[in-house]
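Notes for the one structure printed next.
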């Protein structure tokens, strides 16, 4: 149990006076107005209210005077016992992943995995509504409302994240198995109308059409019963978020064949550590996907500091695919992240985040856009907004928009301390023509800070190694006109779940991030290169030109090897002598 120090002091004074015996407001005032607290009546009210919110104080109506209250403190032991009792009923990370594994096995490749995520999300918001309702109703009863009045009060939207009418809550929908598809479809349409922020999630899910196939109808019924077996009321956002990510990761190999990109969380984690987002900064992902970059930026601050500080981070993102945007919205809510604004649209043509007639400026821009995306040549990009501002170094070819994405990100960060980190195809480091011309401009303006070669087989949709480019609008003095090249091609371990994949282990991430942070050199791993050397290499940024891992040279013990050879020769001579003896017995003579 953790109370704020001022509140703990008042709890201790009241417990010393009353222990678990009932007392009235006047009694509490008599204690807390004395030294050392000397509280005013208003401060006594605040203390009692905060103790009730913390679960340390029970409040009942005074039977002698219904306008007054009777208070009873809970002992520390009683409070801890109740807390542990609740915790024993909570789902663990293993429990939840086991449930989702059953759901994944149920649908296999026959059904879009999005249906699992939508059901998980729907079950969570309904269970959370029930939990919010029970708490609000209990508080209203303690405040003196009748059972009926408290019930009506607890249904008010102010107590809930979302407005969910009775007939659309999970348990009400599953009461009539024959009409589940119809009721789910209707519920999602109604919820999208009652809660505009859910529109992108629910408007494109049609359970009626989905279950027109009898096999799918049976799969949906089994999925609903599977989810109904567990309550998601008290599951922590971290565990629930990990479960959501588990589904995305589990189906990533299958979806990669359809062109969907899933960025391994180890790669995102490395990039976030390099860019080092801070409270009150604005972080922007122009190729949002399922919002992994924003979520890990939030969690980075939460882990480094606390949730209150993480809530002071401003998260923005844009995604062109409406289905993927729905995944991102659900992912953010499941992780209990509310300080994010995300929009639908083609970033390269119609960026949504603006300040007046200019692009909005961010502190950090982080992304893994589609590699070598085609169709964005000069003629196309000039039809988009802010093209003068965004593509000042030139236009890429129709075959690859890599440097269009990079330029958009550079134009979207401020000049004071703007940082850009992008996961991108290695080809953009050395291709010639238009891309080379853009590279020359960016390098000559001293915006490039680091180039990192990743290991191969990290990504589900390609075996290519990929690269991370880090840009800084205002480099520290000791990094000006220099670029750090890191060859991390050997920094991997075998993926624990997918046999053909590698992954960045924690030790690898730490080593790479430290090299960037220290801007340090290590033989065969990292080198600091002057801009003049890059120019001599014709502005080629291929990491292996500057850093190549040293091959381990095995030391040979010549005397030992000679002894081994002599031993083998003696054994061979013995075998030859035996073989000759067998041949003579069989009547064969040596020639």
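Taking region 349-372 as the region of interest, how many residues are in contact with a helix residue (DSSP H, G or I) (Cβ under 8 Å, 6 or more places away or on another chain) and assigned to a loop (DSSP other than H, G, I, E, B)? Spell out the reasoning first.
Narrowing region 349-372 to residues in contact with a helix residue (DSSP H, G or I) (Cβ under 8 Å, 6 or more places away or on another chain): 349, 351, 358-359, 364-369, 371-372.
From the residues that got through so far, the ones that are assigned to a loop (DSSP other than H, G, I, E, B) too are 349, 351, 368-369, 371-372.
The number of residues fulfilling the criteria is 6.
Residues in region 537-560 that are loosely packed, with under 10 Cβ neighbours inside 10 Å and modelled with pLDDT of 75 or more were compared, and the one that is nearest to residue 441 (Cα to Cα) is 558. Just one of (1) within 21 Å of residue 366 (Cα to Cα); (2) modelled with pLDDT of 95 or more; (3) surrounded by fewer than 15 Cβ atoms within 10 Å (Cβ to Cβ) fails for residue 513. It is (3). Taken over region 374-393, residues that are out of contact with any helix residue (DSSP H, G or I) (no Cβ under 6 Å at 6 or more places or on another chain), under 22 Å from residue 437 (Cα atoms) and surrounded by fewer than 18 Cβ atoms within 10 Å (Cβ to Cβ) amount to 11. Might you let me know whether region 217-229 holds any residue that is surrounded by 14 or more Cβ atoms within 10 Å (Cβ to Cβ), over 20 Å from the mean Cα position of the chain (by Cα) and not in a helix (DSSP H, G or I)? No, there is no match, as no residue in region 217-229 is surrounded by 14 or more Cβ atoms within 10 Å (Cβ to Cβ), over 20 Å from the mean Cα position of the chain (by Cα) and not in a helix (DSSP H, G or I). Restricting 411, 326 to those that are closer than 21 Å to residue 275 by Cα and in contact with a helix residue (DSSP H, G or I) (Cβ under 7 Å, 6 or more places away or on another chain) reduces the list to 411. Hey, could you check region 123-157 for residues that are within 28 Å of the chain's Cα centre (by Cα) and free of Cβ contacts under 8 Å to residues at least 60 places away in the same chain and say which is farthest from residue 54 (Cα to Cα)? In this case the residue turns out to be 126. Just to be sure before I move on: is residue 301 in contact (Cβ under 8 Å) with a residue 12 or more places away in the chain, touching a helix residue (DSSP H, G or I) at 6+ places or on another chain (Cβ under 8 Å) and under 17 Å from residue 468 (Cα atoms) in the structure I sent? Spelling it out, it is not the case that residue 301 is in contact (Cβ under 8 Å) with a residue 12 or more places away in the chain, touching a helix residue (DSSP H, G or I) at 6+ places or on another chain (Cβ under 8 Å) and under 17 Å from residue 468 (Cα atoms). May I ask you to list the residues in region 348-368 that are under 21 Å from the mean Cα position of the chain (by Cα) and either on the phi > 0 side of the Ramachandran plot or crowded, with 23+ Cβ neighbours inside 10 Å (or both)? Answer for region 348-368, where residues must be under 21 Å from the mean Cα position of the chain (by Cα) and either on the phi > 0 side of the Ramachandran plot or crowded, with 23+ Cβ neighbours inside 10 Å (or both): 362, 364, 365, 366, 367, 368. For the condition part of a loop (DSSP other than H, G, I, E, B) and under 30 Å from residue 455 (Cβ atoms), residue 258 qualifies.
Give 43, 8 a once-over and let me know the one that is at pLDDT 85 or above, more than 29 Å from residue 64 (Cα to Cα) and under 47 Å from the mean Cα position of the chain (by Cα). Give the steps one after another, and end with the answer.
Details: 43 fails: more than 29 Å from residue 64 (Cα to Cα).
The match here is 8.
Filter region 401-424 for residues that are surrounded by fewer than 24 Cβ atoms within 10 Å (Cβ to Cβ), assigned to a loop (DSSP other than H, G, I, E, B) and at pLDDT 95 or above and give the result. Of everything in region 401-424, those that are surrounded by fewer than 24 Cβ atoms within 10 Å (Cβ to Cβ), assigned to a loop (DSSP other than H, G, I, E, B) and at pLDDT 95 or above turn out to be 414, 418. In region 95-111, the residues that are under 20 Å from residue 211 (Cα atoms) reach residues that are in a loop (DSSP other than H, G, I, E, B) and modelled with pLDDT of 85 or more with C-beta atoms within less than 8 angstrom, at least six apart or across chains, in these pairs: 104/113; 104/251; 107/113.
Going by what's in this entry, would residue 162 be described as in contact with a helix residue (DSSP H, G or I) (Cβ under 6 Å, 6 or more places away or on another chain) and crowded, with 18+ Cβ neighbours inside 10 Å? Answer is no for this residue.
Kindly check whether there is at least one residue in region 503-514 that is under 21 Å from residue 480 (Cα atoms), in a loop (DSSP other than H, G, I, E, B) and assigned by TED's automatic domain parsing to the domain that holds residue 458. Among the residues of region 503-514, not one is under 21 Å from residue 480 (Cα atoms), in a loop (DSSP other than H, G, I, E, B) and assigned by TED's automatic domain parsing to the domain that holds residue 458, which makes the answer no. Considering region 184-208, the residues that are loosely packed, with under 14 Cβ neighbours inside 10 Å and free of Cβ contacts under 8 Å to residues at least 24 places away in the same chain include one that is farthest from residue 328 (Cα to Cα), namely 193.
Considering region 316-335, the residues that are touching a strand residue (DSSP E or B) at 6+ places or on another chain (Cβ under 8 Å) and touching a residue at least 60 places away in the same chain (Cβ under 8 Å) include one that is surrounded by the most Cβ atoms within 10 Å (Cβ to Cβ), namely 325. Within region 259-276, the set of residues being over 14 Å from the mean Cα position of the chain (by Cα) and more than 17 Å from residue 331 (Cβ to Cβ) comprises 259, 274, 275, 276.
Checking each residue in region 11-40 for being under 25 Å from residue 138 (Cβ atoms) and under 42 Å from the mean Cα position of the chain (by Cα) picks out only 11. Considering the conditions (1) in contact with a strand residue (DSSP E or B) (Cβ under 8 Å, 6 or more places away or on another chain); (2) within 19 Å of residue 272 (Cβ to Cβ); (3) surrounded by 20 or more Cβ atoms within 10 Å (Cβ to Cβ), residue 455 is excluded by exactly one of them, (3).
Scanning region 477-496 for residues that are out of contact with any strand residue (DSSP E or B) (no Cβ under 7 Å at 6 or more places or on another chain), surrounded by fewer than 19 Cβ atoms within 10 Å (Cβ to Cβ) and touching a residue at least 24 places away in the same chain (Cβ under 8 Å), which turns out farthest from residue 402 (Cα to Cα)? Working first, answer last.
Taking region 477-496 first, the residues out of contact with any strand residue (DSSP E or B) (no Cβ under 7 Å at 6 or more places or on another chain) are 477-478, 480, 490-491, 496.
Next cut, surrounded by fewer than 19 Cβ atoms within 10 Å (Cβ to Cβ) only: 477-478, 480, 490, 496.
Cutting the leftovers down to touching a residue at least 24 places away in the same chain (Cβ under 8 Å) gives us 478, 480, 490.
Working: 478: 29, 480: 25, 490: 25 Å.
Among those residues, the one meeting the criterion is 478.
When residue 298 is tested against (1) part of a helix (DSSP H, G or I); (2) surrounded by fewer than 16 Cβ atoms within 10 Å (Cβ to Cβ), exactly one condition is not met: (2).
The values are calculated or read from the model by the stated rules, or taken from the named source; none is laboratory data. Just so you know, these numbers come straight off a predicted model, no measurement behind them. Here the Cβ is made from the backbone with ideal geometry for all residues, glycine too, and neighbour counts use every protein chain on show.
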